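To start, the structure itself, in structure tokens.
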Amino acid sequence: MSLRLKIHLIVGVLVTLFVGAVIGLQLGNMRDSVREEVVAANRVASQLLNRTVWLQAAQGTPAMVGFLQGLGRVRSNEIALYDAEGRLLYESPPSPYKVGRDAPGWFAQLVGPPPSTQSIAFPDGRLVVQSNATRAVVDAWDQFFELSVAALSLLVAVNVVVFWMVGRTVKPFGQIVAALGRIEAGELDVKLPVLPGTEAAAIGAAFNRMVDGVGARLEAERRAGEAERELSDRRQLAHWIDRHLEQERRLIARELHDELGQSVTAIRSLALSIAQRSAGRDDQAEKAATVIAEESSRLYDAMHGLIPRLAPLVLDAFGLADALRDLVERTRVSQPQASVALELQLGDVQLGNEATLALYRAAQEGLTNALRHGQAKSLRVSLRAEDEGARLEVRDDGQGLAPGWRDKTAEDGGHYGLRWLQERVEVLGGRLSIANAAPRGARLQVWLPFSPAPLEEAT
């Protein structure tokens, strides 16, 4: 049922109830009026005839008949004269008022009073006076009919006007419904014009604001989706580049270890051989060969110091635990002023290649930052297996992190190793946290799941 029909029915029912109440009140007034008129007329006629009948009865029954014939019709009363034997001598003539017309029976019962009969006895007979409300009821019926026609006309007119006015009033709501249907169909740029009426105008303005808000939100979501896809593509590309960089670093490290290392060793051996042969014979040749041997030795040492930084070959050969032991031992050798402790609780857990490399790089970055920036004297590296992943922790007793170091790093750049490490850990589905430790120093924690998140190759 539409809103227009509901309002029309409500107004129609209210008007009908009002008209019915008015007609009911009018019927009550008509019933009281008819009864008052008929009862009063019957009472007056009875009292008048009661006084007159004895005067006429003394002159005989013919005189009574003559009196009644001269009296004629008495309104709202039927008069009948009977002799002593009960024969009808006189009956009042019918009323000439609205001859041939009578009110419906239901109306006569509703409005008319019950008949009242008065009997006046005298020596030669009796006079019967009976009330007759038919003419008064006809008058009331005529009034009721006119009132009903007027009320029906008013009801029809009011309903027509209400139907027309309600139609004009609810017309803007049809536009709103049509606009909502278009939005449901996918047209998100629908706008409503300025609608007539305070409520309709307010709803239309709110609808237009809603459309603008939805459009802005969809645009923001679209841009956010594009940014998220772009960020995901960049992360995948960065991961792809990182993997290839690691591969290239491994290749370079192996070339340095296998090829260049052997060549430098051969050069040093040849230089030492030349120095031995030239001893006591050619001082210049001996000195030059000795210098070449020393430089070859320094080059070999520098190369072996560079190889672990390029790629931890021991990680591929012996695993994460031995690689961390090697890293801690080399740190102790290179930083004799610092104390470095290692705790391993991995058990039989086997990590993937990327997770193993990420944990090794995290330990390497944590030790480097603690020694270089924190001026730490005591460091502790721990790696333990948990229910669903492995947790690496590097803790030191250095200067700790400066207040606002993250904002400062974002402004002037720096800590590329930490940013690279965080991206790498997030790609693998892990977590990285860096915070100050009590009572002093800093703590770096990396957690990686045993089953890393699936990665897609960027092409």
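The values are calculated or read from the model by the stated rules, or taken from the named source; none is laboratory data. Computed from a predicted model, the values in this text were never measured in an experiment. Here the Cβ positions follow ideal geometry from the backbone for every residue, glycine too, while neighbour counts run over all protein chains shown. Areas reflect the complete protein model, heavy atoms only, side chains present, ligands, DNA and RNA absent. Shrake-Rupley method; radii C 1.70, N 1.55, O 1.52, S 1.80 Å.
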> What per residue convex hull volume, in Å³, comes out for region 133-192 when only alpha-carbon positions are used?
Replying inline: 68
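How much mean residue ellipticity at 222 nm does the chain get from its helices, if each DSSP H run of length 4 or more adds -39500 (n - 2.57) and you divide by all residues, to the nearest 500 deg cm²/dmol?
Values: 12 runs with 288 residues, N = 459.
Using -39500 (n - 2.57) per qualifying helix, the result is -22000 deg cm²/dmol.
Excluding the sites themselves, what is the longest stretch of the chain that contains no chymotrypsin sites (Phe, Trp or Tyr not before Pro) in a DSSP loop with at most 15 other C-beta atoms within 10 Å? Walk me through the intermediate numbers first.
Values: sites that count: 97, 450.
Counting at most 15 other Cβ atoms within 10 Å as exposed, the longest clean stretch of the chain is 98-449.
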> Relative to the first principal axis of the alpha-carbon coordinates of the chain, what is the inclination of helix 320-334, with its axis defined by its Cα atoms, in degrees from 0 to 90 and to the nearest 10?
Replying inline: 60
> Using Cα atoms only, what is the angle between the long axis of helix 416-427 and the major principal axis of the chain, expressed in degrees (0 to 90) to the nearest 10?
Replying inline: 50
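Quick one: plug the Kirkwood hydrodynamic radius of the chain (C-alpha pairs) into Stokes-Einstein at 4 °C, 1.567 mPa s, and report D in µm²/s. Numbers along the way, then the final one.
On the way: Rh = 35.4 Å.
Translational D for this selection: 37 µm²/s.
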>> Taking the solvent-accessible surface of protein heavy atoms with a 1.4 Å probe, what is the per residue accessible area of the chain in Å²?
In response: 61
> Expressed as an acute angle from 0 to 90° and rounded to the nearest 10, what is the orientation of the C-alpha long axis of helix 283-310 relative to the principal long axis of the chain?
Replying inline: 20
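Rounded to the nearest percent, how much of the accessible area of the chain (1.4 Å probe, protein heavy atoms only) is carbon and sulfur?
Numbers: 15920 of 28190 Å².
It is 56 percent, rounded to a whole number.
On a 1.4 Å probe surface of the protein chains, which of 98, 6 comes out largest in accessible area, and what is the full order? Let's see the in-between values first.
On the way: 98 55, 6 100 Å².
The residues order as 6, 98, largest area first.
For the peptides 326-335, 174-183, 370-379, what is the packing order when you average, over each peptide's residues, the other Cβ atoms within 10 Å and list the highest mean first? Don't skip to the answer; put the middle values down first.
Working: 326-335: 15.2, 174-183: 13.7, 370-379: 19.1.
In descending order of packing, they fall as 370-379, 326-335, 174-183.
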>> As an exercise, find the ratio Rg/Rh for region 95-239 from alpha-carbon atoms, using the Kirkwood inverse-distance average for Rh.
In response: 1.64
> What are the radius of gyration and Dmax of region 174-219, computed over its Cα atoms and given in Å?
Replying inline: 10.5, 32
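Step by step: find N for region 35-134, compute 2.2 N^0.38 Å, then divide the Cα radius of gyration by it. What's the final number?
On the way: Rg = 14.4 Å, N = 100, 2.2 N^0.38 = 12.7 Å.
Computed over Cα atoms of region 35-134, the ratio equals 1.14.
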> Taking region 105-190, which GluC sites (Glu not before Pro) meet the DSSP loop condition and have no more than 12 other C-beta atoms within 10 Å?
Replying inline: 187
